[in-house]
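Each remark here refers to the structure printed beneath this line.
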């Protein structure tokens, strides 16, 4: 799945964080600007509390009107005992009651990710659907996940909306609901591989999930892949750009192929292969994407994207710089695009060979 607005953005915690004392000294300057990169990194890692703590260090009187507006809206959503933002009002629809259940679950999870609130979500959904469909559910009973999935899809489709069903994006259960979609067939190449696949463009979203909620709408999944088709959030892309043709189409196309070749492969390995595919093809935005991967990298994360970003930069660094992990983007920019493209594809081919040696049942390789 592609996280999308301008580019994906998470965090290398070990190198990205610095002492609060030094940060406090920095923001004592007369002109203060919010470090959005840092804030959004926390958001997309599903960890809102340190983002709130960081924002509190900024003197509101020294912020621009734009930054003050963001700080106020972020705090309205997460600082108080309940969400004071316009999230539900802005998305008012026939499924508001259902969206409220997910919103409350997202908020609890994002503010306290030391424990899981999945059981609470399932309990609340069970109560909701048992009431909606007159199910003989005991007060202590919780519907099974596949049963919740059936009722969720039935409920959403009753309004002629579309949904991914009951499932997770990264570490949290998600709710994606859109009103319209259009099918298109794409034929394209990934190096020496040919792909012919159905792409479903989705429009008019009611909700694009917890990442959108956490980042105040700035970031959200730009698309995903099933065994049958690629799904694309239409508003996220210029269809003539590398962002779509490579970052989305070839990235998700790699997933589409890997679902058939390695059906049990887990998230980090799938993303590793898709990201290497991107780096083997990108021209105009290659260094920008590498820089984002460096920022995103976190080997210890529960998020497959972060682990994959780390392993991609790690393995390319060993080949191109003979070091464990090269963080300095200026050094990457001294290398030719063609050299990076070739090295990325060579690593991808080697990874394919190693996975095939283990067999179609292989589940993970890059992180033991």
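Go through the range 35-72 and give me each residue that's within 22 Å of residue 303 (Cα to Cα) and in a loop (DSSP other than H, G, I, E, B).
The answer is 45, 46, 47.
With the requirement that a residue be without any contact (Cβ under 8 Å) to a residue 12 or more places away in the chain and either surrounded by 13 or more Cβ atoms within 10 Å (Cβ to Cβ) or assigned to a helix (DSSP H, G or I) (or both), what does the range 73-88 give you?
Listed by number, the residues that qualify are 76, 84.
Take the range 196-208 and flag every residue that is touching a helix residue (DSSP H, G or I) at 6+ places or on another chain (Cβ under 6 Å) and surrounded by fewer than 17 Cβ atoms within 10 Å (Cβ to Cβ).
203
Just to be sure before I move on: is residue 227 outside the structural domain of residue 44 (by TED's automatic domain parsing), surrounded by fewer than 16 Cβ atoms within 10 Å (Cβ to Cβ) and assigned to a loop (DSSP other than H, G, I, E, B) in the structure I sent?
yes
In the range 121-144, what count of residues is obtained for those that are loosely packed, with under 15 Cβ neighbours inside 10 Å, in contact with a helix residue (DSSP H, G or I) (Cβ under 8 Å, 6 or more places away or on another chain) and closer than 19 Å to residue 104 by Cβ?
The number of residues fulfilling the criteria is 1.
For residue 238, which of the numbered conditions (1) at pLDDT 95 or above; (2) in a strand (DSSP E or B) fails to hold?
The single condition residue 238 does not satisfy is (2).
Okay, residues lined up against (1) under 25 Å from the mean Cα position of the chain (by Cα); (2) closer than 30 Å to residue 110 by Cα; (3) without any contact (Cβ under 8 Å) to a residue 24 or more places away in the chain; (4) surrounded by 14 or more Cβ atoms within 10 Å (Cβ to Cβ):
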{"position": "301", "(1), (2), (3), (4)": "yes, yes, no, yes"}
{"position": "309", "(1), (2), (3), (4)": "yes, yes, no, yes"}
{"position": "323", "(1), (2), (3), (4)": "no, no, yes, no"}
{"position": "350", "(1), (2), (3), (4)": "no, no, yes, no"}
{"position": "362", "(1), (2), (3), (4)": "yes, no, no, yes"}
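Can you name the residue in the range 44-59 that is within 20 Å of residue 115 (Cα to Cα) and at pLDDT 95 or above and, of all such residues, is surrounded by the fewest Cβ atoms within 10 Å (Cβ to Cβ)?
53
Select from the range 257-277 the residues that are crowded, with 20+ Cβ neighbours inside 10 Å, in a helix (DSSP H, G or I) and in contact (Cβ under 8 Å) with a residue 40 or more places away in the chain and list them in ascending order.
Correct list: 268, 269, 272, 273, 276, 277.
Results for (1) at pLDDT below 50; (2) over 14 Å from residue 292 (Cα atoms); (3) buried (at least 20 other Cβ atoms within 10 Å of the Cβ), shown as yes or no for each residue.
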{"residue": "18", "(1), (2), (3)": "yes, yes, no"}
{"residue": "21", "(1), (2), (3)": "yes, yes, no"}
{"residue": "40", "(1), (2), (3)": "no, no, yes"}
{"residue": "61", "(1), (2), (3)": "no, yes, no"}
{"residue": "68", "(1), (2), (3)": "no, yes, no"}
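Please find, among 220, 213, the residue that is in contact with a helix residue (DSSP H, G or I) (Cβ under 6 Å, 6 or more places away or on another chain), modelled with pLDDT under 95 and not assigned by TED's automatic domain parsing to the domain that holds residue 333.
Only one candidate passes the filter, namely 220.
The values are calculated or read from the model by the stated rules, or taken from the named source; none is laboratory data. A quick note: this is a predicted structure, and the numbers were derived from the prediction, not measured. Using ideal geometry, Cβ is built from the backbone for each residue, glycine included, and neighbour counts are taken over all protein chains shown.
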